[in-house]
4 protein chains.
Amino acid sequence: MIKIGIIGASGYSGSELLRFLVNHPGKLEIALCTSETYAGQRIDSVLPNLRGFLSSKFEALDIDSLKDRVDIVVLAVPHKVAMSFVPQILAQGLRIVDFSADYRLEDAETYEAWYHVDHTSTSLMSTSVYGLPERYRDCIRSAQLVANPGCYPTSAILAAMPFVKHGIVALDSIIVDSKSGISGAGPKPSENTHYANRESNCIAYNIGVHRHTPEIEQELSAVASEPIRVTFTPHLVPMTRGILSTVYMQLIEEISTEDAVAIYTNFYENEPFVRVLPTGTYPQTKAVLGSNYCDVGLEVDARTRRIVAMAAIDNLGKGAAGAVVQNLNLMFGFKETDGLKVPGMMP
Amino acid sequence: MIKIGIIGASGYSGSELLRFLVNHPGKLEIALCTSETYAGQRIDSVLPNLRGFLSSKFEALDIDSLKDRVDIVVLAVPHKVAMSFVPQILAQGLRIVDFSADYRLEDAETYEAWYHVDHTSTSLMSTSVYGLPERYRDCIRSAQLVANPGCYPTSAILAAMPFVKHGIVALDSIIVDSKSGISGAGPKPSENTHYANRESNCIAYNIGVHRHTPEIEQELSAVASEPIRVTFTPHLVPMTRGILSTVYMQLIEEISTEDAVAIYTNFYENEPFVRVLPTGTYPQTKAVLGSNYCDVGLEVDARTRRIVAMAAIDNLGKGAAGAVVQNLNLMFGFKETDGLKVPGMMP
Amino acid sequence: MIKIGIIGASGYSGSELLRFLVNHPGKLEIALCTSETYAGQRIDSVLPNLRGFLSSKFEALDIDSLKDRVDIVVLAVPHKVAMSFVPQILAQGLRIVDFSADYRLEDAETYEAWYHVDHTSTSLMSTSVYGLPERYRDCIRSAQLVANPGCYPTSAILAAMPFVKHGIVALDSIIVDSKSGISGAGPKPSENTHYANRESNCIAYNIGVHRHTPEIEQELSAVASEPIRVTFTPHLVPMTRGILSTVYMQLIEEISTEDAVAIYTNFYENEPFVRVLPTGTYPQTKAVLGSNYCDVGLEVDARTRRIVAMAAIDNLGKGAAGAVVQNLNLMFGFKETDGLKVPGMMP
Amino acid sequence: MIKIGIIGASGYSGSELLRFLVNHPGKLEIALCTSETYAGQRIDSVLPNLRGFLSSKFEALDIDSLKDRVDIVVLAVPHKVAMSFVPQILAQGLRIVDFSADYRLEDAETYEAWYHVDHTSTSLMSTSVYGLPERYRDCIRSAQLVANPGCYPTSAILAAMPFVKHGIVALDSIIVDSKSGISGAGPKPSENTHYANRESNCIAYNIGVHRHTPEIEQELSAVASEPIRVTFTPHLVPMTRGILSTVYMQLIEEISTEDAVAIYTNFYENEPFVRVLPTGTYPQTKAVLGSNYCDVGLEVDARTRRIVAMAAIDNLGKGAAGAVVQNLNLMFGFKETDGLKVPGMMP
């Protein structure tokens, strides 16, 4: 029986992880859920969808006793907070999956430039594994510290990677235009998350400075084996969940839409959670709502010699908690799809 | 292996049933899916959330061959169409769960008065079982023909029944004010289902003439052992899924909110899918989204001596496809909760 | 030139008032806008829809200098705060329209029972005028202090009043079931206003204790000349703006839907902002979106002898800022419809 | 008194035009509204927001009698239908503003290639004026036939034009990624406009083949005096109204965000309906909801040497009916802003 402890379990990523885990068929147990805000309250009174599933309470974090309670820690806390916990937890011999950005980047300078904080455990940055199974499946299996990917990067990388790999696109031409629901901003109330500000509204934010940019660049650069810079523009659209990333890439050789789709199909043929849509069909966020799937599709605009590649995910599913379950499955020898073969909710 | 055939599987009720069934742990098989509109097309091209789950195709209905293909037929066709199939299917020795209203009412005259069509198999109206496990669990187990309840009635009956049963409310005082998402209207495009007409909009419809009224009345009358009439007003609110029914009942004796909640708790203590919310907490549709749960809660307004009882369901879940799975489980000896212990999707 | 000062102009009621006033054809001037939060910032940077309309800045409130700046003060501050300003402002000889609840109720005990605060200027409670032109048009013209009605009460009173007046409904039978958008909660971020909590969600709140209840009761009691108690249940539905109130009343004599509609038509025939919908047509919030209209309609449920009366308003329009403009027009001798003949925004 | 006839007045563009016109201060009259679907019905029963504004009825179209009824015809019919009417109407000596695409393109071959229909009055294509006042104000004043711009092109052209004009962007680098509400698809029910398919959903459509592409290209090419091709990807997001277009352009010289904003400011300084947002502020659709404004803003991504320029419009306002009013004002010598100085509706 694998005992899982979730630090910060009352946020959206944490609670979505609970929603996945209560249906996980494997020998695992939700042994500990901490929450700063709700310590002492029953989980299912805070998260009413889980009523009848979890009768235990959120606890306060006692970091020193983690090893007595759990085998694996899932950190669902903000960046900077995560790195204040990680070294101590690893020192207890525990494995970690970290939702935060603190160990996604390999390069401390890049981290500090984009996050404007000092990194306090830079040596772990190179030993951590970027938790994208479609890239690092084998490393994840044995990793001590898995850095769960960001939601936008998951969509952007999965959309672009096959073409970067095939070398048919100009590496300086990549533009990622993403449309996201608001749940990525977390449950904390703000002007930004106010219903009245999001309903009937569409706006871009953090253009050129969004912190997911270096993550996309790091991974696509690794695929290309040369440095890539991307223009990344996130937008908020009136949805709670879902990201659609539209990725524009200049072609350096001619290719038909059919052949480009075939590149997708070949690239992802063994991937259980990347679904390649047939020619003429485009990804839509609703098809992956609440699931761990990433749907990819594309169109070649021959007139302007560009690939328009798209990926749709649920930012809380494949973009967060679903990916954590997939990583946990790999790390503990469960079937990779355990607890995750759940279709999106349509309509 | 139980072989299930779904007639009209591409509609919202049918497709939601598929979404539940692909995760059912029991020995059952989706052996046949028919669709008038999509016959010949792959199920997962029509229903993109199911991509990777079902590679078979929708077929045209060949009613005479059903017995060679399936053990049970789920009818997901409109009222009137259902009764044109049911006798033939039963004659083949097959069992049926019928989504439609054709066999919910026991009284043919009532049916004809509200539905404005002649009933062509009135004798079956008395042998069919109303598929509300919370009322007819044992009958459902052995039923040949189960009439799956309407979505509004499920919510209204579950909210009101315990108090009608306890005899503490005036039977002529019941008012049901329901708020529903648009998916109850089905996938067929109409002015009514146009996004621009539903978004930012709230309106009542079919006041005094909605066909779910006699269904609510029949069941509450049976509970009370005397005839009950209710005022029922359905409203459309800007959601795809979900019904919240607010039920007003005049008290004939004083009772506190706590004691009224205790009546709920006692009444539903063994029910796996009715969750009684604690005093001071009210049902919300989002907590049951995509699930088979019905959350009930209430407040006593002592000043006006009324109970304000509320029930929240997903109209496609407990209000349709989830209830079908629950009924199938009962009919075929699966665990009643098989395939249904799925939390609602929040946020 | 009438100089208007708005205290608390950056909230939803205040900013909607600005939206109405920039198109008012009368000789009036927005002479002062205060905001605690945004003092010193340009109005049109805080309220980007008003860019190009107002280049002035929000100011801090200097209550003693109001008389030097304005002729009329509109108070758009919460209850309790309002009563801390009103006596001083009146003492400066200025007239007031107060968005808050502090002077809507005539009875201090009732106020204190529902609002749980002491009222510090009870004598003004009897001299203030309830700002519902459909009831108190003449008094408003000459009033020093107009208490602008609550949003829910406006809808409930306008829906029920004609039938209470005609004496055809049982006075102890009135139930008001209201569905509201979230903007009534104001711009302050909270768990309640978080997009993810409101989207795809419907829930009741404050059952039996909502502070608009005594306001509805006061006005309907005045119409009936005897005390009336109502059950009032507000609900949140996924909209930014709009209230639909469904009012149930037991008939004490038989009446057809047509005749009941005729009562509406006669009652409101000279009202510029109450639109009676023809038989068979029901009010919808979208038809009044952004406007000062209240649409009313009804259905008689003969089977249960009840009137189901409905009113739709924009809670920020006729339910708040539109009503203020209507009151200002009356108080200063403008045409009552000046600045308000604006249709709702459909689709 | 200018008499306006609207052909196809019950659609979204037509009805929005009515909403603008009922508040127009000029000497103009809505003399005729035709509707194929609703001929014979009162306008305000079909369009309930207009109740109390228009008591006349929709009529059937009698094209030969137009000259006896009106001075100007606004065509709110689909492309291809428009060109079947235009020559006859012009022959009666009437002026026309055409909502459709039939006379927007100058080149018949281009039209036929993108619209897949033969153009039956190609000679008029060169005499018609593209109704974008920001480009062709003077020509519009005297035009007989004004082709009202498409909604996407309006946003894309206004966002990109100043930089194309200044010659600081690579002309082969322009990518337009647009996010639109569903009202652009019109009121006709379809799978695409079904609430359940649009809510919580985001999807691209018509990539590389959307008919607004040649319109964007024609106008930007004219500005640049050399042929330009753009990649244009429209997306549907869950809104009724609003378009946000994000336009990516490769810089051919370095420029700061501040200086790029200054280019906007200078370019649009005399434009009454283009509002340039200050550095660090981005356009949002809600700020222009229901209005004739186009908000533009930008960010320079220095790392990748791209301008990310954005424009927000209401597709039914500045993207359709608002632009028609602006054009009518120019054509008939009204003040250009008459009837249009209405702020967007926030929240």
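Between C:Lys57 and C:Ile43, the built amide H atoms are under 5 Å apart, and every one of these is 5 or more places off in sequence or on another chain.
A Förster radius of 22 Å, combined with the Cβ-Cβ distance separating A:Arg69 from A:Lys27, puts the computed FRET efficiency at roughly 0.85.
Normalised by the number of residues in region A:152-315, the average gap of Cα pairs under 8 Å and 6 or more apart makes the relative contact order 30 percent.
Its residue count N sets the reference 2.2 N^0.38 Å, and the alpha-carbon radius of gyration of region D:196-285 equals 1.31 times that reference.
Explain nothing, just the number: relative contact order of chain D, from Cα pairs under 8 Å at least 6 residues apart, as a whole percent.
Working: 780 pairs, mean separation 59.2, N = 347.
The normalised contact order for chain D reaches 17 percent.
Tell me the Kirkwood hydrodynamic radius of region C:1-55 in angstroms, computed as one over the mean inverse distance between distinct C-alpha pairs.
Working: mean 1/r = 0.0885 Å⁻¹.
So the Kirkwood estimate lands at 11.3 Å.
Farthest toward the positive end of the dipole of chain B, out of B:Pro25, B:Thr122, B:Pro149, is the Cα of B:Pro25, where the dipole comes from beta carbon charges about the Cα centre. Would you mind checking the tilt of helix B:213-224 against the longest principal axis of the Cα atoms of chain B, expressed as 0 to 90 degrees and rounded to 10? Between helix and principal axis, roughly 60 degrees.
Is region D:152-315 rounded, prolate or oblate when judged by the Cα gyration tensor, a ≥ b ≥ c being the square roots of its eigenvalues, rounded requiring a/c under 1.5 and prolate requiring a/b larger than b/c? The partial results should precede the final answer.
Values: a/c = 1.91, a/b = 1.54, b/c = 1.25.
Since a/c reaches 1.5 and a/b is larger than b/c, the shape of region D:152-315 is classed as prolate.
With everything on Cα atoms, drop me the angle between helix B:81-91 and the longest principal axis of chain B, reported from 0 to 90° to the nearest 10. The angle comes out at about 70 degrees. Label zone (A:Lys165, point 7 Å along Cα-to-C-beta; backbone nitrogen cut-off 15 Å) within region A:214-249: A:219-225.
Sequentially through region A:231-244, phi angles give Karplus couplings (6.51, -1.76, 1.60; θ = phi - 60°) of 8, 10, 10, x, 10, 9, 10, x, 9, 7, 10, x, 10, 10 Hz, Gly and Pro residues having no value and appearing as x. For the protein assembly as shown, the share of DSSP beta bridges that are antiparallel, to the nearest 5, is 50%.
Calculate the dipole size of chain B relative to its Cα centre from +1 charges on Lys and Arg beta carbons and -1 charges on Asp and Glu beta carbons; express the result in debye to the nearest 20. Mind showing how you got there, number by number?
Details: 29 positive and 38 negative charges, 202 e Å.
The dipole magnitude comes to about 960 debye.
Taking only the C-alpha atoms of chain C, Rg followed by Dmax gives 19.6, 62 Å. For chain B, the longest piece that avoids every one of the trypsin sites (Lys or Arg not before Pro) found in DSSP loops with at most 14 other C-beta atoms within 10 Å covers B:28-302.
For the residue pairs C:Lys286/D:Lys80; C:Lys341/D:Lys3; A:Lys286/B:Lys27; B:Lys80/D:Lys57, the alpha carbons lie more than 28 Å apart in C:Lys286/D:Lys80; A:Lys286/B:Lys27; B:Lys80/D:Lys57. Counting Cβ atoms of other protein chains within 10 Å of each residue's Cβ and taking the mean over peptide B:247-256 gives 1.
Amide H to amide H, with H built 1.01 Å from N, A:Val146 comes under 5 Å of A:Ile96, A:Val97, A:Asp98, A:Val129, counting only residues 5 or more places away or on other chains. At q = 0.13, 0.26 Å⁻¹ the log10 of I(q)/I(0) for region C:235-316 amounts to -0.42, -1.22, computed by Debye summation with a single uniform scatterer per C-alpha, solvent ignored. Comparing mean-square fluctuations of B:Ser35, B:Ser142, B:Ser55 from a GNM of chain B with C-alpha springs under 10 Å, the top value falls on B:Ser55.
The shape of region C:2-127 can be summarised by an equivalent ellipsoid whose semi-axes, obtained from the alpha carbon gyration tensor, come to 27, 15, 13 Å from longest to shortest. Our helix-only sum for the protein assembly as shown, with -39,500 (n - 2.57) per DSSP H run of n ≥ 4 divided by its residues, gives a mean residue ellipticity at 222 nm of -8500 deg cm²/dmol.
Under the criterion of Cα pairs below 8 Å and six or more residues apart, the relative contact order for region C:2-127 equals 24 percent. Considering only beta bridges that DSSP places wholly inside chain C, some 45 percent are antiparallel. Each 10 Å bin from 0 upward holds the following percent of the Cα-Cα pairs of the protein assembly as shown: 2, 9, 16, 21, 21, 18, 11, 3, 0, 0.
Across D:Val209, D:Val325, D:Val261, mean-square fluctuation computed from a Gaussian network of chain D (C-alpha pairs under 10 Å connected) peaks at D:Val209.
In chain A, a dipole from Cβ-located charges (positive for Lys and Arg, negative for Asp and Glu) runs towards its positive end, and of A:Gly317, A:Ser45, A:Pro133 it is A:Ser45 whose Cα lies farthest in that direction. Pop the C-beta distance of D:Ser56 and A:Thr37 into the FRET formula with R0 = 60 Å and round what comes out to the nearest 0.05. Approximately 0.50, to the nearest 0.05.
Taking R0 as 56 Å, what's the FRET efficiency between C:Glu269 and D:Glu269 from their Cβ-Cβ distance, rounded to 0.05?
Result of the calculation: an efficiency of 0.65.
Placing +1 on the Cβ of every Lys and Arg and -1 on the Cβ of every Asp and Glu, with nothing else charged, gives the protein assembly as shown a dipole about its Cα centre of roughly 0 debye. Taking D:Asp71, D:Asp102, D:Asp138 in turn, the Gaussian network model of chain D (Cα-Cα springs below 10 Å) assigns the largest fluctuation to D:Asp138. Amide H contacts under 5 Å for D:Ile2: D:Leu28, D:Glu29, restricted to partners 5 or more places along the chain or on a different chain, H placed in the peptide plane at 1.01 Å from N. Measuring spread by the Cα atoms of region D:86-197 yields a radius of gyration and Dmax of 16.7, 47 Å. Summing charges over neighbours of C:Glu29, with a neighbour being any other residue whose Cβ is under 13 Å away from its Cβ, gives +2 when K and R count +1 and D and E count -1.
In this label model, A:Asp259 and A:Lys3 are separated by 5.8 nm, measuring between points 7 Å along each Cα→Cβ vector.
Just the number, please: percent antiparallel of the DSSP beta bridges in region B:152-315, rounded to the nearest 5. Show your work: numbers first, answer last.
Details: 25 of 34 bridges.
The antiparallel fraction comes to roughly 75 percent.
For chain B, which longest stretch is free of loop sites, where a loop site is one of the GluC sites (Glu not before Pro) that DSSP puts outside H, G, I, E and B and that has at most 10 other Cβ atoms within 10 Å? It works out to B:1-252. Net charge dipole, region B:152-315: roughly 520 debye, given to the nearest 20, about the Cα centre with Cβ charges of +1 for Lys and Arg and -1 for Asp and Glu.
Since every read-out is calculated from the coordinates, none of them should be taken as a lab result. Note that this is a predicted model, so its numbers are computed, not measured. Don't worry about glycine lacking a Cβ; one is built from the backbone with ideal geometry, like all the others, and counts go over all protein chains shown.
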